[in-house]
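The values are calculated or read from the model by the stated rules, or taken from the named source; none is laboratory data. Because the structure is a prediction, the values reported are computed rather than measured. Every residue, glycine among them, receives a Cβ derived from its backbone with ideal geometry; neighbour counts consider all protein chains shown.
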2 protein chains.
Amino acid sequence: MSDDSLDARHRARMQRKKAVVDQKIEAAQTERGVLLVLTGNGKGKSSSAFGMVARALGHGMRVGVVQYIKGRYATGEEHFFRGIAGVRYHVMGEGYTWETQDRERDIRAARAAWDVTLEMLRDPGYELVVLDELNIALKHRYLDVDEVVAALTARPPMQHVVVTGRAAPPALIEAADTVTEMMVVKHAFQAGIKAQKGVEL
Amino acid sequence: MSDDSLDARHRARMQRKKAVVDQKIEAAQTERGVLLVLTGNGKGKSSSAFGMVARALGHGMRVGVVQYIKGRYATGEEHFFRGIAGVRYHVMGEGYTWETQDRERDIRAARAAWDVTLEMLRDPGYELVVLDELNIALKHRYLDVDEVVAALTARPPMQHVVVTGRAAPPALIEAADTVTEMMVVKHAFQAGIKAQKGVEL
């Protein structure tokens with residue numbers, strides 16, 4: 001195919017695409033806070049939530065972050081966002097649950113993190129709330145899913161919430177506006193490459 | 001089931017899980033830069049890349065960002081990271097391609113962005129390089145996929161690169177260490193909710 005013909009086809013395709021996009025944007029006019037769930041086994045769930053924190057801060061929004069499960073290492077995102085104005089940052093205190101192996105202690109830590117979460121979910125001053133790895137706390141039944149969904153549903157109407165973690169429960173998916181499942185196509189870990197700073201940590 | 005029995009089962013499961021995780025961490029000891037591809041139609045690809053930027057900055061790393069396709073709006077991530085020390089930020093200048101509808105102009109803009117990318121991919125001082133929406137530029141053949149893969153493969157050994165965008169080409173997936181496909185389970189846009197600041201923008 002000649003370059004001219006390629007260009008003409010491209011232009012026609014892009015015009016059709018623009019018409020479709022414009023129409024969708026025209027149709028989607030509701031402004032309100034969204035509940036976004038990032039789940040699945042693939043890499044990128046928590047980092048995506050933290051990218052949204054950066055985005056929100058770029059718009060001058062106030063942000064709350066609660067990390068439900070913390071790694072052995074201090075994470076880069078914690079280092080970074082703790083130092084930034086406009087962010088309240090809470091980390092559940094106990095390390096990975098397979099480090100503590102004490103269910104009662106995990107439940108206490110999760111409930112304390114949930115109390116902080118409830119403060120944020122009742123305060124319209126938080127325009128974005130990130131509940132990182134909350135799905136793990138739900139999966140282990142440290143928290144009650146109905147109680148969590150009820151609090152999310154009752155939050156201020158303009159507040160955005162992002163929940164991350166594999167195995168999101170059906171009731172949470174039902175309540176959410178946007179749900180992404182992240183699938184592993186391949187992972188460096190499988191090839192013997194350890195978790196890397198700035199990527200996983 | 002009694003609480004005691006639930007606790008005991010939990011402890012046993014967590015001990016097995018810890019053993020598996022410890023073994024995998026033991027086995028995965030290679031330290032090197034990874035090439036990570038975030039693709040699929042689901043929400044979270046670019047935000048995930050920007051979360052990794054935050055992570056990397058939290059570890060004091062130097063970061064390069066090239067955004068291949070820019071929205072009509074100034075994005076939150078651009079506002080935010082342009083103001084942060086340690087980040088070089090370049091945005092391809094032309095807006096959405098379905099706004100310009102001029103293939104030659106898009107190709108020139110993509111090549112200029114690729115020249116900036118090449119500088120980063122040749123400089124070990126950049127410890128993380130984010131090529132946001134590069135897959136779109138490849139999909140439209142603004143850039144040659146073989147040239148791109150060759151440059152990525154020849155980059156400094158400790159440099160991490162994150163490439164985002166739907167429809168990653170097979171050659172790029174083949175070259176990557178970690179690939180996540182983000183699948184739409186549902187999207188607020190489908191329910192008539194417009195793109196929200198801090199979430200999409």
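Here is how the numbers come out for the structure above:
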| quantity | calculated |
| --- | --- |
| Filter result (without any contact (Cβ under 8 Å) to a residue 24 or more places away in the chain and at positive phi) within region A:119-154 | A:ARG141 |
| Filter result (more than 8 Å from the chain's Cα centre (by Cα) and either within 7 Å of chain B (Cβ to nearest Cβ) or within 12 Å of B:PHE50 (Cα to Cα) (or both)) within region A:34-46 | A:VAL34, A:GLY42, A:LYS43, A:GLY44 |
| One residue from A:MET182, A:MET158 being more than 28 Å from A:ILE107 (Cβ to Cβ) and either in the same structural domain as A:HIS59 (by TED's automatic domain parsing) or among the basic types (Lys, Arg) (or both) | A:MET158 |
| Only listed residue being among the β-branched types (Val, Ile, Thr) and over 14 Å from A:GLY40 (Cβ atoms), chosen from A:VAL161, A:VAL184 | A:VAL161 |
| Some residue of region A:177-189 being in contact (Cβ under 8 Å) with a residue 12 or more places away in the chain, of a type in the set (Asp, Glu), over 20 Å from A:TYR68 (Cα atoms) and within 13 Å of chain B (Cβ to nearest Cβ) | yes |
